[in-house]
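In what follows, a structure is listed as structure tokens, so that the remarks can point back to it.
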Amino acid sequence: MTVSTTRRNFLKTAAVSSAALGGMGLMASAEAAPLPLPKKWDMTADLVVGGSGIAGMSAAVTAIDLGASVIVLEKNKNYGGAARINGGIIALRDDTPEDLYKHLTNPKSNEYRKNDPALVRKYSKMCYPTRKWLEDHGVKFLNTSTKAGQYDSQHHESYLHIYSEGMDPDIGGIHPQRTGGYRTGRGIMMPFKDYFEGKGGKILLEHKLTDVYRDAKGRVVGARVQTPKGVINVRAKKGVVLAGGSWKANKELRVISDPRITPEIVPTGYPYIDPDGSAILAGLKVGGMFVGDRGEDTPRMRRMFGTNRYGFQKGSVYGCPGVSGIKGPRWSDVMFVNKNGDRFVKELDKGDLGGYSFYDMAYVQPEKIVWCVFDDASAKKYRWDTSYPTCEKGYAADGATLEELAQKIGAPNLPASVAKYNKFVDQKKDEDFDKPENLLTKKIEQGPFHAVRIVLMVHNFTGGLRINDNSQVIDIFGKVIPGLYAAGETAGGLYVGNGMPRGIMPGRWAGEHAIKG
Ligand SMILES: Cc1cc2nc3c(=O)[nH]c(=O)nc-3n(C[C@H](O)[C@H](O)[C@H](O)COP(=O)(O)OP(=O)(O)OC[C@H]3O[C@@H](n4cnc5c(N)ncnc54)[C@H](O)[C@@H]3O)c2cc1C
């Protein structure tokens, strides 16, 4: 790849990028010109990494293994990003690289067809051996994993489960196992931290990378960092890796991939993680290119029943689990209504309901408020507990009669909607939304009646900075920005079923390329 070598080109690049963003109303207060280099550097390392999530730490560990000095900047008070609280399910497939490549570029797959083939090619080769790389860095796996070719209903992938011995004192228990220990990505992040710090790496909490500096030749040479004590400048001799996650918590920027993701949509993992898009913005401000979303709902969106928290189990300080287990035949026992109590969609656990999804329908409901309604027979059968703390206050209600429930949730049309739904069950035909006959089997008739809020959530974003297969950031003219890397949810063009491998592989490419060239 050629590089913009003149300052004129460089200024042009940054100015065009900023102007483009400004035109979209995204950067009201952003500088239109590149930052002048600081008069002095407060710290120096070979590699400076913005973000201590799995992508950033994969870059950091790789670089430190190559003998480099590395500083990791972390904007939060907590280390580890989403992987520290996640489900610990990791799609490190043991297919052949060729089969995996075909799978991840399948033109018939909604999820994968927009992947960048060059990134998938390199990813596919590295995928399975990465298990050993993780083990070499202290990670352990549970023996509950599926084999290639078996499919998990959520991720449609074969996957391994990461083991963590202890409960996290900052977060609480995540997925306790009957055999002891926990299943959580913490089982990667904590060994990474120990390993990295053991080799002299530095992780600076409450240090937010806000900008990167480019020198007169256009090379990225450092980062501007906001700390509780003011701004500092950190020099990067070999590169800066942007690994601050996505912008799913940035209510202004995230509409770039879908204007329907309005402020009431909750980001998963919040408030433990707060991906505000600052790392992506830092790349855009120096001319980086944004490569878009898959435009596909199901993996990007999640829904939770009875809670506005996702990913935190019982015993966690961050939330409560809500009503779980509404799947399979249980869809026959529930009815979805909107804020007014009107039914608006068939109740079915399928991404594609016939050219549209549950989310397409939910987005257009008043205030995006959605309730799941069921009767006491179903609540008892499936042990759906609507009381606090299983459900959050305000996210569930009970009524001796449907009228009482309707009044409690402020949904006046609920009794009439239930009566209509029960008629559809009697006649085995849903005239309004075509719920399949095999799920149209249970009337909502035995009080007390229950309602739990279905909270709409935004989960994985696939849009981010455009990178090549060394994780170098590409500018809006298609050229590499020398010294600048992006990985994980900060980078676009690579979606692989779940988030951790998407961080690990490009993180490793960045760490290796920055140090070895
Ligand atoms: C609840 C939940 C469950 C999940 N379950 C799974 C699962 O089971 N398996 C799986 O593979 N994936 C799962 N995922 C997805 C996966 O965890 C993420 O895709 C992945 O961890 C993202 O890693 P990342 O390093 O790109 O970003 P993040 O994890 O978001 O890390 C970015 C880090 O950078 C910090 N940061 C942000 N901006 C800056 C800045 N400007 N300067 C300095 N620091 C900054 C952030 O605070 C954060 O710590 C889950 C996600 C969530 C939220």
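Panel order for M289, M335, by other beta carbons found within 10 Å of each beta carbon, from fewest to most: M289, M335. Rg of the Cα atoms in region 57-101, relative to 2.2 N^0.38 Å, amounts to 1.62.
Placing unit charges on each Cβ (+1 for Lys and Arg, -1 for Asp and Glu) gives region 233-370 a dipole about its Cα centre, and among P321, N338, M361 the Cα reaching farthest toward its positive end belongs to P321. With just the Cα atoms defining each centre, how far is region 156-197 from region 227-241? Give it in Å. Region 156-197 and region 227-241 have Cα centres separated by 30 Å.
Given the chain, what percent of its DSSP beta bridges are antiparallel, to the nearest 5? Mind showing how you got there, number by number?
On the way: 45 of 66 bridges.
Antiparallel bridges: around 70 percent, rounded to the nearest 5.
Give, rounded to the nearest 20 debye, the magnitude of the charge dipole that the chain has about its Cα centre when Lys and Arg contribute +1 at Cβ and Asp and Glu contribute -1 at Cβ. All intermediate terms of the calculation are to be shown ahead of the outcome.
Numbers: 71 positive and 56 negative charges, 302 e Å.
The dipole magnitude comes to about 1440 debye.
Here the chain is described by how far its Cα atoms reach on the three principal axes: 74, 52, 47 Å, from widest to narrowest. Diffusion coefficient (Stokes-Einstein, Kirkwood radius over C-alpha pairs, 4 °C, 1.567 mPa s) for region 180-326: 71 µm²/s, rounded to a whole number. Each residue of region 122-129 was assigned a 3J(HN,Hα) from its phi angle through the Karplus curve 6.51 cos²θ - 1.76 cosθ + 1.60 (θ = phi - 60°); the sequence is 5, 4, 4, 5, 8, 4, 5, x Hz, with glycine and proline shown as x. Sorting D430, D475 from the fewest to the most surrounding beta carbons within 10 angstrom yields D430, D475.
Ordering R254, R235 by the number of other Cβ atoms within 10 Å of each residue's own Cβ, fewest first, gives R235, R254. The amide H of Y270, built 1.01 Å from its N in the peptide plane, has Y310 as neighbours under 5 Å, considering only residues 5 or more places off or on other chains.
For region 301-458, what is the Kirkwood hydrodynamic radius in Å, using each pair of distinct C-alpha atoms?
Working: mean 1/r = 0.0641 Å⁻¹.
Roughly 15.6 Å, rounded to one decimal.
Of the three principal axes defined by the Cα atoms of region 411-496, the extents in descending order read 66, 25, 20 Å. Here's the picture: charge each Lys and Arg Cβ at +1 and each Asp and Glu Cβ at -1 in the chain, and of T262, W133, Y213 the one pushed furthest to the positive end of that dipole is Y213.
Readers should treat all values here as calculations from the given coordinates under stated rules, not as data from a laboratory. Keep in mind it's a predicted model, so treat the numbers as computed, not measured. Note that each Cβ is placed from the backbone with ideal geometry, even for glycine, and that neighbours are counted across all protein chains shown.
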